[in-house]
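Report on one structure; see the data block that follows.
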Amino acid sequence: MEGLTLKINTRKELGDQVLRVGGFKGMPIRRPHRFGEEKTVDIEDLEASVVEFLQDLPKDKKLVLIGFGIGAEWTYLSTNFLAAIPFFSAWIDLGDIVTDITSSSLAYLPNLLFLIQTFGYWWKDVKPGRGCHSDGNAHNAGDDVVTTLALAHAILDERNHAMLRFEHACFRIARSGRVRPFYDPAKGFIATVRTEGQLPIKISSSIRLAQRFFDFHPVGTGLMSSEVGFATFRSQEELDYFISCVDGMVLRTGETLSAQRYIHVNPKTPEDEKLKEEKRILRRIKREADDEEVVELEDLFS
């Protein structure tokens, strides 16, 4: 393996203006991991340093660009490292492979952290915990490389495909797990699941609920609190069957589950609805008045 870590000299004034995810400004504190050769370069020498590294690699090896959601990599290369592109003979987007295996759309593509955990990698090897901020709360490119190659190793092994399809199906169920208000409460086929206290670890998240109750074919799972989980179904029959099987079920850890139908209660009174309608009418009147004012101003300049 060959690795190169580049530390870029950045003026403090420039670094303080760097925009980050979440609307923050300033250079993030990177995790202390370093990979391969480490160099410090000025930003204007960055492309030349990358090209020099690629030129020194063994000539009998073909370079394949591997990424997850590789659109960002192509943007960076074409914008900042155009001279590096000819060194790659092919490219692989692992996100495309995942969608092919699971027969899903990009809208339901799990993130890299979820996928790597699916194959048994410890999440702390991928993402620093909240207590790690003093060592750097932002990953670096080397962390991304190791994680991406680990995912490639896992999904290119056909023995893992069945597990990936199952976990992805659970991901979709858990992703849909949000209790929404129903205009017709009879169509809200939702069951709550609870024990005497906090939910056991095996059903303590939306994804774990989906995994545990997958055979009941829920269309959504989630948490109302740390003590109450829920599962939604397509029909009254599916809901009744789930409750009849789960209510009174004893887990291996000894807890007894209680399952009941969840009834939506509309907290709004008729007075609330009337007030809401009045506000809607006032907003419409104001909007129409604003439109008329704009028309009058246009007449002045026509």
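The table that follows gives values for the structure above.
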| item | result |
| --- | --- |
| Residue 39 vs. criteria basic (Lys, Arg) and at pLDDT 85 or above | yes |
| Residues of the range 139-164 satisfying the condition of being part of a loop (DSSP other than H, G, I, E, B) and touching a residue at least 60 places away in the same chain (Cβ under 8 Å) | 139, 140 |
| Subset tally (residues that are more than 20 Å from residue 86 (Cβ to Cβ) and of a type in the set (Ser, Thr, Tyr)) for the range 38-74 | 1 |
| Enumerated helices (runs of 4 or more DSSP H) restricted to the range 190-302, each holding at least 1 residues that are at pLDDT 95 or above, of a type in the set (A, V, I, L, M) and surrounded by fewer than 14 Cβ atoms within 10 Å (Cβ to Cβ) | none |
| Residue list for the range 38-82, restricted to those being part of a helix (DSSP H, G or I) and charged (D, E, K, R) | 44, 45, 47, 52, 73 |
| Hits in the range 88-131 (condition: modelled with pLDDT under 90, among the hydrophobic types (A, V, I, L, M, F, W, C) and loosely packed, with under 13 Cβ neighbours inside 10 Å) | 106, 107, 122, 123 |
| Restricting the range 98-112 to residues that are closer than 12 Å to residue 169 by Cβ and part of a loop (DSSP other than H, G, I, E, B), the residue that is farthest from the chain's Cα centre (by Cα) | 103 |
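The values are calculated or read from the model by the stated rules, or taken from the named source; none is laboratory data. Predicted model only: the values in this text are computed from it and were never measured. Cβ sites come from the backbone with ideal geometry, for glycine too, and all protein chains shown count toward neighbours.
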